[in-house]
Amino acid sequence: MKKLAFFTLLPLLFAACSSAAPHEEAPSNADAILDNDIYNEAINAGEVSRCESIVDPTKKQECKDVIEARTISELALSKKDKSKCDDIKISRYADECRNSIDLFVQQEEAAAKFAEEQAKINAETNATTKKAFESSDSSLCKNIEDENQKYSCMYDVIANEALAKKDISVCDNIGRDDFIQRCKTLFNNDGPSS
């Protein structure tokens, strides 16, 4: 009987001892929800100090690491320096940092190349327009690729010819209604009459 009484009382003794011993409480579900809220607010604000309020130590460190990763990524991107990405503790963020810099550099190079090509086209267009205007030869304008620029060139040459001849019907040679009408308005505003 003594053995049976001892084994019956044993769980009660353990329960009493465990409640008397100081220990840290496991985070509750409410703590986890609040940790997630604080985590998201800290990440969105980019403020490491807000991470300190997080109870879960793993979540707290992750919060700090993510904010640090974003800060380093921004710096690395602004300097176009992939070596700075190596300072990021989270490998996926480090990889994304490098990829962002590669993409940014590619876009920058593509934009520069486009601007260079556009400048060349504009210079050629301007030279053709000038030559067509000076020689009064609107057929030169047909060599211009951009439709708007082509008709603008034709307008310049043909409108000048129409004004010189004082003949509104010459405007019809432009070949595009909006430019033809624009040419004809030169005659409607007390300009030369036919």
| query | Hey, got the dipole for region 136-194? About the Cα centre, +1 on K and R Cβ, -1 on D and E Cβ, debye to the nearest 20? | reply | 160 debye
| With point charges of +1 on the Cβ of Lys and Arg and -1 on the Cβ of Asp and Glu, referenced to the Cα centre of region 56-194, which listed residue (Ile88, Thr129, Phe187) lies farthest in the positive direction of the dipole? | Ile88
| request: Using per-residue counts of other Cβ atoms within 10 Å, averaged over each peptide, order 97-106, 113-122 from highest down. | output: 97-106, 113-122
| request: Could you please state, rounded to a whole Å, how far the C-alpha centre of region 95-130 is from the C-alpha centre of region 76-91? | output: 25 Å
| field | Ratio Rg/Rh, restricted to region 29-110 and using Cα atoms, in which Rh is the Kirkwood radius | value | 1.10
| Selected from Ile54, Ile38, Leu103, residue furthest toward positive end of dipole (region 29-110; charges at beta carbon) | Leu103
| request: Please tell me the relative contact order of region 136-194 in percent, rounded to the nearest whole number, where contacts are Cα pairs under 8 Å and at least six residues apart. | output: 29 percent
| said: Taking 25 Å as the cut-off for C-alpha to C-alpha distance, list the pairs among Lys142/Lys165; Lys82/Lys120; Lys59/Lys79; Lys120/Lys165 that go past it. | reply: Lys82/Lys120; Lys59/Lys79; Lys120/Lys165
| field | Net charge dipole size for region 77-179 [Lys, Arg +1 and Asp, Glu -1 on Cβ; Debye, nearest 20] | value | 360 debye
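Where a number appears in this text, it was derived from the coordinates with a stated rule and is not lab data. Note that the structure is a prediction, hence the values are computed from the model and not measured. So basically every Cβ, Gly included, is an ideal-geometry build from the backbone, and we count neighbours across all protein chains shown.
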